[in-house]
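Take a look at the structure below.
Since every read-out is calculated from the coordinates, none of them should be taken as a lab result. What you see is a predicted model; the values in this text were computed from it and never measured. Heads up, the Cβs are rebuilt from the backbone with ideal geometry, glycines too, and the neighbour counts pull from every protein chain shown.
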Amino acid sequence: MNVMTAPFSPSTAPEGARRSLPDAPLLVAARGGVPSRVPVWFMRQAGRSLPEYRSVREGVPMLQACFDPGLLTEITMQPVRRHGVDAAILFSDIVVPLYAAGLGIDIVPGTGPVVAHPVRTAADVDALPELTVEQVAPVAEGVSMLVRELGETPLIGFAGAPFTLASYLIEGGPSRNHEHTKALMHAEPELWHRLAARLADVTTTFLRAQLAAGVDAVQLFDSWAGALSPRDYREFVLPHSAAVLAAVADYDVPRIHFGVGTGELLPALREAGADVVGVDWRVPLDEAARRLRAAGEPEPVVQGNLDPALLMASWPVIEAEVRRIVEEGRGAAGHIFNLGHGVLPETDPEVLTRVVELVHSL
């Protein structure tokens, strides 16, 4: 497989962009060290549940907001100000680099990403545009603004993994069964690998643009990888995710790899090149650490994994779950507290703030 790397390298990163945050709890934990406290952040913390987010986004389409450096900065900062989390996650969307490259794609409220013309033939794959650094310059500008504003709080970069991007393109939007994707994988494996390699290029370019602008860690989201068997994941997906993670290794920042429903894939997710493996709520963290330990050395670092639905429960229920998860996380070399997936829109922001305070107290 020949996966091209994007034109960024550490030597071309803006001078001073890479911050030194040796004591930041998230970065210490991500490297298997002993942080001053258990670090915590939440997937989808920027947006959705926050009234201040709904206020600034009013009348602004999602993808437009992702390319407005000032608005992107404000939205990313909101949960840091409100909750006191240990990291900011760049406000973005999995399909942002595809949109930036000129693909006909939109985010439809209540549905998600919708592709104008699904990609299912060799001609469709050949017609896919490449992503250039210039096309995501507004995102990089937003990252630079955030690095200046965040002070000692790390900023996590964000991108979708090749399989999840391919699934959206092939299915034409969100899918429950991924039937077109799986059929193409098995019926036309050469075409599948060509598509996945093209998308690995896109993801690499997007992540390296963020890294050159100064993000302190990156998370690769493979939202739909849990739909695959371990055998199919290893044959059709792992090489391409590994290519992306290898292409950003020269920045020497923690690489987090996360997928939903990936309990059976945890060792493979780590083998792809993850320094930290995100775990959803279906597998206890001590069991996840056991599975990951079998994948090799050094000792694994985990992220997760409170069920986001439980944030709707009473506080005694939430507190008991948080305490359990923090205790189970001690079975790994490092633990970054998070949800097992994204914050639900109906979540009370005050509950998230209380969870942060509780985690820090433990």
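Structure summary
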| quantity | calculated |
| --- | --- |
| Given 15 as the ceiling on other Cβ atoms within 10 Å, longest exposed-site-free region of the chain for GluC sites (Glu not before Pro) in DSSP loops | 153-345 |
| Charge dipole (debye, nearest 20) of the chain; +1 at Cβ of Lys and Arg, -1 at Cβ of Asp and Glu | 360 |
| Cβ-based charge dipole, region 37-361, positive-most Cα from Ala196, Val283, Ala249 | Val283 |
| Label point distance in nm, Arg194-Val60, each placed 7 Å from Cα along Cα→Cβ | 4.0 |
| Selected from Gly84, Gly278, Gly151 as most flexible by GNM, with the chain as the system and alpha-carbon contacts under 10 Å | Gly151 |
| Cβ-based net charge around Gln64, under 13 Å, with every Lys or Arg adding one and every Asp or Glu removing one | -3 |
| Listed values (i) 66, 47, 33; (ii) 56, 43, 42; (iii) 63, 45, 42, entry calculated as Cα extents along the principal axes in Å | (ii) |
| Descending principal axes extents, region 275-343, alpha-carbon based, whole Å | 40, 21, 16 |
| Sparse-neighbourhood loop sites, trypsin sites (Lys or Arg not before Pro) in region 176-273 - DSSP loop, at most 13 other Cβ within 10 angstrom | Arg176 |
| Per-residue HN-Hα couplings for region 323-333 [Karplus 6.51, -1.76, 1.60; θ = phi - 60°; Hz; x = Gly/Pro] | 4, 4, 5, 4, 5, 5, x, 5, x, 10, 5 |
| Potential extension, Arg323-His186 segment - 0.36 nm per residue separation minus Cα distance | 45.0 nm |
| Rounded to whole Hz, the Karplus (6.51, -1.76, 1.60) HN-Hα couplings of region 226-237, x for glycine and proline | x, 6, 9, 6, x, 5, 5, 4, 5, 7, 9, 10 |
